[in-house]
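Trainee: Below you'll find the structure I mean.
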Amino acid sequence: MSGDSQGPVSMADISLSIHFLSDWHVGEGAGRPGSVDRIVRRHPADDLPYIPAKTIIGMWRDACEHVATGLDEKSVPFAEPQPGTWQALVNAIFGDQANQRVQHFDRLRSAALKVRPARFPAALRRQLTKSVMLKSALTFVKPGVKLDPRTGQAADNCLRFEELVRGGATLETSIELDCDEAQRDAMLALLWAGAQSVERLGGKRRRGLGRCSWNLDGLGISTEQVLGLLKGEPPTITPDFEPIEDESAIEESLEAGATDWVRIPIRLTPLTPLVIPKQVTGNVVESLDYIPGTQLLAAFSRVLRNVIKGNVGVAIAGGAVRVLNAYPDVDGNRGRPVPFVLFHDKLSGGLKSEEDETQLVWNRLVECEPEHKQLKQHRAGYLGVAAKALPPYTTVDLQIATHGAIDDLPQRPTSDVGGVYSYEAIPAAQGTGGTFRTEIWIQKGLLKGGNSGTSAVVLPPEIRVGIAKKDDYGLVKVEVESQSEASCSVDTSNDSVVEVTLWCLSTVLLRDASLRNVGGAETLTSHLLRRFGESVSSVKVVPSALGPDHRINAAIRTSRTEGWLANWQLPRPSFVGIEAGSCVRLRFEVSDHAAFWRTLQEMQGAGVGERRAEGFGEIAINPPLLESQLSQLRRAKKEQQEQSEVQQPQDFLGASDAGFHYAQRLEEAAWQKSIITFAQRWAHKSRRGELHWAESKPENSQLGALRAVVSSLRVTDDLPRLKDWLGHLKATANRREKWPTEAIGKLEELCEAPEIVWKWLGSQGNEDAFPVATQPSHRTDELQERFLMSALRTVLIAAVQTEIRMREKPAVAVGGGE
């Protein structure tokens, strides 16, 4: 099955299905105070239980290691696994672990296997989200205790409640395997063997929970071929280093000062949460709220080789290619970091507020501080574009999830391997929200096809960014929009003294005279003075206006960007610079106007400072937003479009749909739960009116006898037992007198027409409480017939229990429909 082509091959058509043979629990690592001690983990998109990809990879790797150990020992008994054996193939599939690095310069191999979280089939998920009762039937709460080893009895204060997912479910996921054709079949064979050996998954799997079977589809090789591969020797594993391009050839088309650019807008949709590491605080990895160009450049660099003439590495190093930071989409436009010169009333939300009366915002570059108001600076969020109104504003609400590094020996998280840790992440996109926008800028002369720029850039449909991107995080959908020529023009004048406003749209990295990364107005002015050369004699920050209500002409904050080299497991140098959102108004004394404005245009396109290809150094020159008095503006009102509600036909699962049989099981569980709930409600409100019971009749002894007879009703054929009991009751005078005449008649009517109970429970017209997700024709009738005796038994027992309980209370407390 192996081909002759070289290079990595990505296969995304392989699916993994996990079928649970028993109830299971994949925990959140937390509980619900006062209710459940351990709750199951739910997917943020639909709030349904799922299996995280980290759990799948951990179980799969452990199983493959056991298989590889057995395969390695078949030829050399009791021998330690050596490089080039099946154990080495495990490391190639799942990647090297951090504790496997022997020396500080050893490079860790990245994982060839990428797995998505396993979820219920799409058709079943749609059904579960439609009905609250059907969704609640997915899980149930199981009590448990801790046994005292000395006495064998339940220990004090050790009662617990755990949430479990009902067994019988089949969850599905897709996998990708990036490998050479020479290694493909052997990797698939080992993965297949490991999947066959997994028998349990999740918490308490050694005590009966989580029994499951794994099945791989789409391998492309038969079972006989797989077994034949496992009997042989695995291929030799070679390092996965990327070849280094020759940087000696610098193309003539690379122009450091070019102002003609081709702009390629890109829309990014997170399909899974994204962890873009910002810093590590304790055991929490904090994330940025945007996708930096550093992450995107690595994902797009291979594609850029096909559209750029010459060496792409040289083009990137020379600043001829720029991948801008991906900021949140704000009303169809790429968001921009909020400038630090925007202030709002401390008692209002400013741009965050949704009320027109509290949207006052002051642009302190052009507006003075208002009297009798305490202002607060905007420091976070992103702005859209608006002409004669306040720009739209948005923020990114990060989510957090807890994971654990499992120690092989105790099979639980320990401090030796990292223990429990949490990831802060950008959530996956929901509907039309949660998307990001970025742009790729390429110098026009570098594109293949000449200066016309007609060469189309085709990017991969999906990329992975951030950390932990081989499993639960980092998957992004890529959509390329129409490319166009970028406009880098700025307003010009012939004045000898020119004031220019700079707005940093990303972090600007600059160095001082001692080559240190620093951030500040002095470093910025020194850099600009060197950049403009002889065309500018001096540059400085415009001094603030005098007086108690002076304006702000410089709002600069310093940022520090940390980093980690995953391949080498070492920290990289910190990037210190001017934070995105900083603003400054500069005064230039210009001697050569043509060279001055040309340099400004180049800065608008190429950026300022270092590492501009990675999104750093993006600026806006004289933006109209910072020239406006924003306190006079209000947020534009969104037009409310009247949407006519179209009644969608209910979609039912068919016998051929995935999850059909499990949906039937959930239907039955939901009906059982609803019968108990509605029977107790009916018994409290309507038992005396419907059954014709009085305050003292029937007596408690007769109610107990009725409960004993009703408890034995399991099928319709058991109804004669109740009829015989009623006949004996009517024939015995001293017992008959203890019953109202109408009550005996009602019980006789129930024996002849037990379906009356469904009217009492209100099953007609209550599709949410008594849901049907499969077989639309006659499914409700089938369920009513199946649960008829269960409903009758539950209703009568609930009525007896409620009546006895209410009689034991003081007369003033007796209620419930009497």
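Trainee: Taking a threshold of 23 Å on the Cα-Cα distance, which of the pairs K54/K278; K697/K730; K54/K135; K54/K142; K114/K448 fall above it?
Mentor: On the way: K54/K278 21 Å; K697/K730 15 Å; K54/K135 25 Å; K54/K142 25 Å; K114/K448 33 Å.
Too far apart for the 23 Å limit: K54/K135; K54/K142; K114/K448.
Trainee: Further question: How far apart, in nm, are two points set 7 Å out from the Cα along the Cα-to-Cβ line at L159 and at T732?
Mentor: A separation of 3.8 nm, rounded to one decimal place.
Trainee: Something else: Place +1 on the Cβ of every Lys and Arg and -1 on the Cβ of every Asp and Glu in the range 571-636, take the dipole about the Cα centre, and give the residue among Q629, P571, M603 whose Cα lies farthest towards its positive end.
Mentor: Q629
Trainee: Per residue, what accessible area does the chain have, given a 1.4 Å probe and all protein chains present, in Å²?
Mentor: Numbers: 40800 Å² over 818 residues.
Accessible area per residue: 50 Å².
Trainee: Determine the relative contact order of the range 281-393: mean sequence separation of Cα pairs under 8 Å and six or more apart, normalised by residue count, in whole percent.
Mentor: Working: 133 pairs, mean separation 27.0, N = 113.
Contact order relative to length: 24 percent.
Trainee: What figure in square angstrom, to the nearest 10, would you give for the accessible area of R598 with a 1.4 Å probe?
Mentor: In the full protein context, R598 sits at about 120 Å².
Trainee: Let me ask you something else. Where the accessible area of the chain is counted over protein heavy atoms with a 1.4 Å probe, how much of it, in %, is carbon and sulfur?
Mentor: Details: 19970 of 40800 Å².
Exposed carbon and sulfur together represent 49 percent of the surface.
Trainee: Per the helix-only calculation at 222 nm, which mean residue ellipticity applies to the chain, given -39500 (n - 2.57) for every DSSP H run of n ≥ 4 and division by its residues, nearest 500 deg cm²/dmol?
Mentor: Values: 18 runs with 221 residues, N = 818.
It lands at -8500 deg cm²/dmol.
Trainee: Points 7 angstrom from Cα along the Cβ direction at N283 and K697: gap in nanometres?
Mentor: In this crude spin-label approximation the distance works out to 6.9 nm.
Trainee: Turning to a different aspect of this structure: Quote to one decimal, in nm, the extra length available between D768 and K673 on full extension: 0.36 nm per residue of separation minus the C-alpha distance between them. List each step's numbers first, then the result.
Mentor: Numbers: separation 95, 0.36 × 95 = 34.20 nm, distance 1.23 nm.
Gain on stretching D768 to K673: 33.0 nm.
Trainee: If the reach is capped at under 25 angstrom between alpha carbons, list the lysines near K346, excluding any in the same chain fewer than eight residues apart.
Mentor: Answer for K346, where 25 Å is the Cα cut-off: K373, K376, K388, K637, listed by chain and number.
Trainee: Once you place label points 7 Å from the Cα toward the Cβ at R557 and D718, how far apart are they in nm?
Mentor: Here the answer is 6.9 nm between the modelled labels.
Trainee: Continuing with the same structure: Against the longest principal axis of the chain, how steep is helix 53-73, in degrees 0 to 90 to the nearest 10, with axes from Cα atoms?
Mentor: Here the helix axis deviates by roughly 90 degrees.
Trainee: On to the next question. How many percent of Cα pairs in the chain exceed 40 Å?
Mentor: Values: 181452 of 334153 pairs.
Of all Cα-Cα pairs in the chain, 54 percent lie more than 40 Å apart.
Trainee: Take the Cβ-Cβ distance between S22 and E233 as r, set R0 to 51 Å, and report the resulting FRET efficiency rounded to the nearest 0.05.
Mentor: Details: r = 38 Å, r/R0 = 0.75.
Here the calculated transfer efficiency is 0.85.
Trainee: Among V396, V323, L304, flag the residue with its Cα farthest along the positive direction of the charge dipole of the range 269-398, charges on Cβ as +1 for Lys/Arg and -1 for Asp/Glu.
Mentor: L304
Trainee: Would you mind checking which residues have amide H under 5 Å from D23's amide H? H placed 1.01 Å from N; only 5 or more apart, or other chain.
Mentor: G167, G210
Trainee: Right, something else. Taking only C-alpha pairs under 8 Å that are 6+ residues apart, what is the relative contact order of the chain in percent? Each step should come with its number before you reach the end.
Mentor: Numbers: 1581 pairs, mean separation 115.8, N = 818.
Value for the chain: 14 percent.
Trainee: V417 to S15: extension gain in nm, 0.36 nm per residue of separation minus the Cα-Cα distance?
Mentor: Numbers: separation 402, 0.36 × 402 = 144.72 nm, distance 3.04 nm.
The V417-S15 span can extend by a further 141.7 nm.
Trainee: Charges at C-beta only: +1 for Lys and Arg, -1 for Asp and Glu. How large is the resulting dipole of the range 513-615 about its Cα centre, in Debye rounded to 20? Write out the running numbers ahead of the final one.
Mentor: Values: 13 positive and 10 negative charges, 25 e Å.
Rounded to the nearest 20 debye, it is 120 debye.
Trainee: At 0.36 nm per residue, minus the direct Cα-Cα distance, what do E479 and E499 gain on full extension? Give it in nm, one decimal, please.
Mentor: Details: separation 20, 0.36 × 20 = 7.20 nm, distance 3.92 nm.
Result for the pair: 3.3 nm of gain on full extension.
Trainee: Taking the Cα centre as origin and putting +1 on Lys and Arg beta-carbons and -1 on Asp and Glu beta-carbons, what dipole magnitude results for the chain, to the nearest 20 debye?
Mentor: That gives the chain a dipole magnitude of about 2460 debye.
The values are calculated or read from the model by the stated rules, or taken from the named source; none is laboratory data. Quick caveat: nothing in here was measured; it's all calculated off a predicted structure. For neighbour counting, all protein chains shown are included, and Cβ atoms are generated from backbone atoms with ideal geometry for every residue, glycine included. Just so you know, the surface numbers come from the protein's heavy atoms only, side chains and all, with ligands and any DNA or RNA stripped out. Shrake-Rupley method; radii C 1.70, N 1.55, O 1.52, S 1.80 Å.
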